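Colleague: Okay, here's the structure, questions in a sec.
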Amino acid sequence: MTTTPPTPSITRAIRGRVLHFLHDPQFHEDAYQYWEDGLLLVTAGRIVAAGDYTSLASRIPADAEVIDHRGKLIVPGFIDTHVHYPQTDIIASPSPGLLHWLDTYTFPEERRFAEPEYARAVAGFFTDELLRNGTTSAVVWSTVHKASADALFAESEQRNLRMITGKVMMDRNCPEFLRDTAETGARDSADLLSRWHNKGRLAYAITPRFAPTSTEAQLAACGELAKAYPDAFIQTHVAENRDEVKWVAELFPDARSYLDVYDRYGLLRPGAFYGHAIYLDQDDRRRLADSGAAVAHCPTSNLFLGSGFYDFHQSDANRLNVTLATDVGGGTSFSMFRTMNAAHKVARMGGYHLTALRMFYLATRAAAEALGWSNRIGSFSEGCEADFIVLDPQATPLIARRSGRSETLEEQLFAFAMLGDDRVIDSVYVMGEAVQVPIV
Ligand code: GUN
Ligand code: ZN
């Protein structure tokens, strides 16, 4: 044990097996740090240090709270980069595919978010459900209604979460009751931006639903907004489904590709999240990589709606900024473990082995990097906000048995990824404070 004197400002020390990532394990040798008997030192909601218990213990002041999670694994809170909160109550709706599913379940449900009290109630349940699943940050979709974004921001603020959302913009090819216009969509978005963007831990995403539901005028307005707010996030869908891709080609005959529609309006840049990105060609992938935009890979949704398989070989060959997302309610689970499970199998179908280490990286640091927030969340680097979760290798009898046989970190993480769900989440901390996760 070293003799470093206690650091007086440290208020909390959390002991357990500690893992976080510095780089992508697919491309770097020393991509992660792991301490079997590890310690996190926290002050004022931020990480002061992470390391070996023996080398850090002397820095714990006598009056600090020491929390013992030995035997459990502490990792940064998960970051879900594409999830629709208004679709919480229509998750698992049977449908033959995306466009039918949108018309039959999604749009009628989203209509209800015109009612602020309804929006607030669902937003509250949704944020608790994220936390119950160990997701401490997310890039969230609201509906076309301004009040729906207000509701999600308010519920996130109440829980002190680092969250992003935006009001959906769509001015054609959708029911009248969900339609804005190029003008009102831009005005409402600008109003929300002025009130919520960078307010505490919150930030705004400019949110055109997808190319088919926006006129050229609206896409141009999105581009103008993006220019006016250079640090705003952007989120949309791209190349998710074959019928949708065909439709976009008909609607935008001059565009080189679906992705090119967005590019023409200045919507490809760092901080832009493109959901699905299945049907891309080589030029699209190169352009995506060069632009610094990110892919939100949504494997449970892509399987559920029969949309297709994300190509990890091509993704890696072009060094795409890929992240992991649930896409609830097209996606079938709030759990990032279930999402990893599906991601692994989708990759396998393409002859690609997606390791558990990589999947944990994708669900934490990769998302933080894509957000430009790697100095804030997604790892235990000094100064990061102390959002972290505690995973229980004994969570269920079967997980306990498999954990008992795990000889490597990869095997333990893989057991979580293949067998895990909300039951694995033992505790959740937000800004260093334990969250009372409601047990439903
Ligand atoms: N494309 C346009 N809107 C949606 C949506 O709500 N979910 C999914 N999965 N794809 C979409
Ligand atoms: Zn989506």
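Colleague: Out of 116, 108, I need the residue that is within 14 Å of ligand 1 (Cβ to nearest atom), modelled with pLDDT of 95 or more and not small (Gly, Ala, Ser). Which one?
Modeller: Going through 116, 108 in turn, the sole match is 108.
Colleague: Has the stretch 309-318 got at least one residue that is surrounded by 17 or more Cβ atoms within 10 Å (Cβ to Cβ) and within 26 Å of residue 134 (Cα to Cα)?
Modeller: yes
Colleague: Would you tally the residues in the stretch 186-221 being open to solvent by less than 10 Å² (accessible area, probe 1.4 Å) and either free of Cβ contacts under 8 Å to residues at least 12 places away in the same chain or away from ligand 1 (no atom under 15 Å from the Cβ) (or both)?
Modeller: Total meeting the criteria: 7.
Colleague: What are the pairs, 6+ residues apart or on separate chains, where a residue within the stretch 74-87 that is among the charged types (D, E, K, R) has its Cβ under 8 Å from a residue that is more than 8 Å from ligand 2 (Cβ to nearest atom) and in a strand (DSSP E or B)?
Modeller: 80/135; 80/137; 80/138; 80/139; 80/324
Colleague: Continuing with the same structure: Just name the residue that is farthest from residue 356 (Cα to Cα) out of those in the stretch 6-22 that are open to solvent by 20 Å² or more (accessible area, probe 1.4 Å), in contact (Cβ under 8 Å) with a residue 40 or more places away in the chain and out of contact with any helix residue (DSSP H, G or I) (no Cβ under 7 Å at 6 or more places or on another chain).
Modeller: Filtering first and then ranking leaves 8.
Colleague: Can I ask one more? Looking at residue 60, is it more than 21 Å from residue 358 (Cα to Cα) and crowded, with 21+ Cβ neighbours inside 10 Å? Before you say what the answer is, go through the steps one by one.
Modeller: Details: more than 21 Å from residue 358 (Cα to Cα): yes; crowded, with 21+ Cβ neighbours inside 10 Å: no.
It is false that residue 60 is more than 21 Å from residue 358 (Cα to Cα) and crowded, with 21+ Cβ neighbours inside 10 Å.
Colleague: Check the stretch 293-306 and report whether any residue there is polar (S, T, N, Q), within 12 Å of ligand 1 (Cβ to nearest atom) and out of contact with any Phe, Trp or Tyr (no Cβ under 9 Å at 6 or more places or on another chain).
Modeller: Step one: of the stretch 293-306, the residues polar (S, T, N, Q) are 300-302.
Within this subset, residues satisfying the condition of being within 12 Å of ligand 1 (Cβ to nearest atom) are 300-302.
Add one more test, that the residue is out of contact with any Phe, Trp or Tyr (no Cβ under 9 Å at 6 or more places or on another chain), and what stays is 300-301.
Yes; the residues of the stretch 293-306 include at least one that is polar (S, T, N, Q), within 12 Å of ligand 1 (Cβ to nearest atom) and out of contact with any Phe, Trp or Tyr (no Cβ under 9 Å at 6 or more places or on another chain).
Matching residues to (1) among the hydrophobic types (A, V, I, L, M, F, W, C); (2) closer than 20 Å to residue 350 by Cβ; (3) surrounded by fewer than 17 Cβ atoms within 10 Å (Cβ to Cβ); (4) away from ligand 2 (no atom under 16 Å from the Cβ):
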residue: 255; (1), (2), (3), (4): yes, no, yes, yes
residue: 271; (1), (2), (3), (4): no, no, no, yes
residue: 277; (1), (2), (3), (4): yes, yes, no, no
residue: 284; (1), (2), (3), (4): no, yes, no, yes
residue: 289; (1), (2), (3), (4): yes, yes, yes, yes
residue: 292; (1), (2), (3), (4): no, no, yes, yes
residue: 298; (1), (2), (3), (4): yes, yes, no, no
residue: 306; (1), (2), (3), (4): no, yes, yes, no
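Colleague: Could you list all residues from the stretch 222-244 that are more than 16 Å from ligand 2 (Cβ to nearest atom), open to solvent by less than 10 Å² (accessible area, probe 1.4 Å) and either part of a loop (DSSP other than H, G, I, E, B) or free of Cβ contacts under 8 Å to residues at least 40 places away in the same chain (or both)?
Modeller: 232
Colleague: Considering only the stretch 368-378, I want to know if a residue exists there that is aliphatic (A, V, I, L, M), farther than 20 Å from residue 33 by Cα and surrounded by fewer than 22 Cβ atoms within 10 Å (Cβ to Cβ). Can you show your working first?
Modeller: So in the stretch 368-378, the residues aliphatic (A, V, I, L, M) come out as 368, 370-371, 377.
Checking the rest, the ones that are also farther than 20 Å from residue 33 by Cα come to 370-371.
Pick out the ones that are also surrounded by fewer than 22 Cβ atoms within 10 Å (Cβ to Cβ) and you get none.
For the stretch 368-378, residues aliphatic (A, V, I, L, M), farther than 20 Å from residue 33 by Cα and surrounded by fewer than 22 Cβ atoms within 10 Å (Cβ to Cβ): absent.
Colleague: Counting only residues that are closer than 30 Å to residue 426 by Cα and of a type in the set (Lys, Arg), how many does the stretch 112-155 have?
Modeller: Summing the residues that are closer than 30 Å to residue 426 by Cα and of a type in the set (Lys, Arg) in the stretch 112-155 gives 2.
Colleague: Kindly provide the set of residues from the stretch 138-177 that are of a type in the set (Gly, Ala, Ser) and out of contact with any Asp or Glu (no Cβ under 7 Å at 6 or more places or on another chain), ordered by number. Talk me through it step by step, then tell me what you get.
Modeller: To start, the set of residues in the stretch 138-177 that are of a type in the set (Gly, Ala, Ser) comprises 138, 142, 147-149, 151, 154, 156, 166.
Residues satisfying the conditions are 142, 147, 148, 149, 151, 154, 156, 166.
Colleague: Is it the case, given these coordinates, that residue 55 is assigned to a loop (DSSP other than H, G, I, E, B) and modelled with pLDDT of 95 or more? Walk me through how you get there before you give the answer.
Modeller: Numbers: assigned to a loop (DSSP other than H, G, I, E, B): no; modelled with pLDDT of 95 or more: yes.
Answer is no for this residue.
The values are calculated or read from the model by the stated rules, or taken from the named source; none is laboratory data. Quick caveat: nothing in here was measured; it's all calculated off a predicted structure. Glycine gets a Cβ as well: all are built from the backbone with ideal geometry, and neighbour counts include every protein chain shown. Keep in mind that these areas ignore ligands, DNA and RNA; they rest on the heavy atoms of the full protein, side chains included. Shrake-Rupley method; radii C 1.70, N 1.55, O 1.52, S 1.80 Å.
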